[in-house]
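Heads up, the thing below is written out as structure tokens.
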Amino acid sequence: MMTLCDTLGPAERPRERLLNQGAQTLTDAELLAIILGSGVRGQHAIAYACGLLNQYGGLSNLLNARSDQLIKTYGLGQAKVSAIVAIKELCVRAALEQIKVGELMGQPEQVRSFCRHKLAHLKVEHCIAIYLNAQNRFITIEEVSHGTLTQTSIYPREIVKSALQHHASALILAHNHPSGSIQPSQADIHLTVQLKKALYLIDVQLHDHLIVSGQFVSSMAEMGHL
């Protein structure tokens with residue numbers, strides 16, 4: 001098996017460059033090569049990583065691929081697949097950690113980043129609710145529902161029940177659109193209006209309803225639907 005030591009001098013190798021110059025100086029393929037640790041027969045780690053990124057259509061698609069899909073890929077054994085899946089999960093946890101600190105309405109980009117990491121890669125619609133206290137600080141997050149490729153069933157009464165159980169004063173709803181559309185459907189708008197009315201009766205505010213599609217997140221509050 002060809003290694004980087006066979007083809008690159010010490011100053012050119014990704015690990016050494018990362019430590020000496022910083023991770024930002026490395027390409028996606030070089031960073032991925034460090035994670036993979038080795039290449040395959042006839043290809044060192046960087047060349048193999050380049051091919052892997054091309055095969056999956058980029059870093060985001062690779063990190064969001066299912067483990068059962070990755071394990072079928074030439075050159076990816078259990079160790080490499082585990083490393084890739086672990087990176088994805090660490091990204092989700094790091095994003096969640098960010099929204100657990102401070103007042104959420106003052107950090108909308110962190111909330112959107114978490115929703116992207118959590119929902120963007122899913123192939124069917126999933127809806128989550130982020131529950132907040134009176135100071136708009138994080139209480140907990142729950143999956144409200146998940147459905148088919150095109151729709152999910154969300155029941156306002158179940159969200160109201162959960163809000164009461166968690167003693168929430170507000171919440172943010174978010175769901176993904178596997179179709180690729182970033183615009184709310186009429187069903188999305190109807191649900192948002194009905195949920196806002198239901199929450200109003202128990203003195204809980206619906207701050208926003210976010211729609212995630214790929215790397216984009218739209219806010220129904222900013223669109224005027226709240």
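Computed quantities for the displayed model
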read-out	value
Index of the failed condition, residue 101 passing every other in (1) at pLDDT below 90; (2) farther than 25 Å from residue 204 by Cα; (3) of a type outside the set (D, E, K, R)	(2)
Unmet requirement for residue 188, which otherwise passes all of (1) assigned to a helix (DSSP H, G or I); (2) more than 19 Å from residue 120 (Cα to Cα)	(2)
Scan of the range 107-132 for residues that are exposed (fewer than 14 other Cβ atoms within 10 Å of the Cβ) and touching a residue at least 24 places away in the same chain (Cβ under 8 Å), ordered by number	123, 124
Among (1) of a type in the set (A, V, I, L, M, F, W, C); (2) touching a helix residue (DSSP H, G or I) at 6+ places or on another chain (Cβ under 6 Å); (3) under 19 Å from residue 100 (Cα atoms), the one test that residue 195 misses	(3)
Residue within the range 61-83 that is surrounded by 12 or more Cβ atoms within 10 Å (Cβ to Cβ) and under 30 Å from residue 132 (Cα atoms) present	yes
Strands (runs of 3 or more DSSP E) wholly inside the range 70-181 containing at least 2 residues that are under 20 Å from residue 225 (Cα atoms)	126-132, 170-176
Of all residues in the range 200-216 being assigned to a strand (DSSP E or B) and among the hydrophobic types (A, V, I, L, M, F, W, C), the one that is nearest to residue 157 (Cα to Cα)	206
Helices (runs of 4 or more DSSP H) (entirely within the range 8-66) containing at least 3 residues that are touching a Gly at 6+ places or on another chain (Cβ under 8 Å) and at pLDDT 90 or above	45-56
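The values are calculated or read from the model by the stated rules, or taken from the named source; none is laboratory data. This one's a predicted model, so the numbers in the text were calculated from it and none came from an experiment. Because the Cβ atoms are built from the backbone with ideal geometry, glycine has one as well, and the counts that use them run over all protein chains shown.
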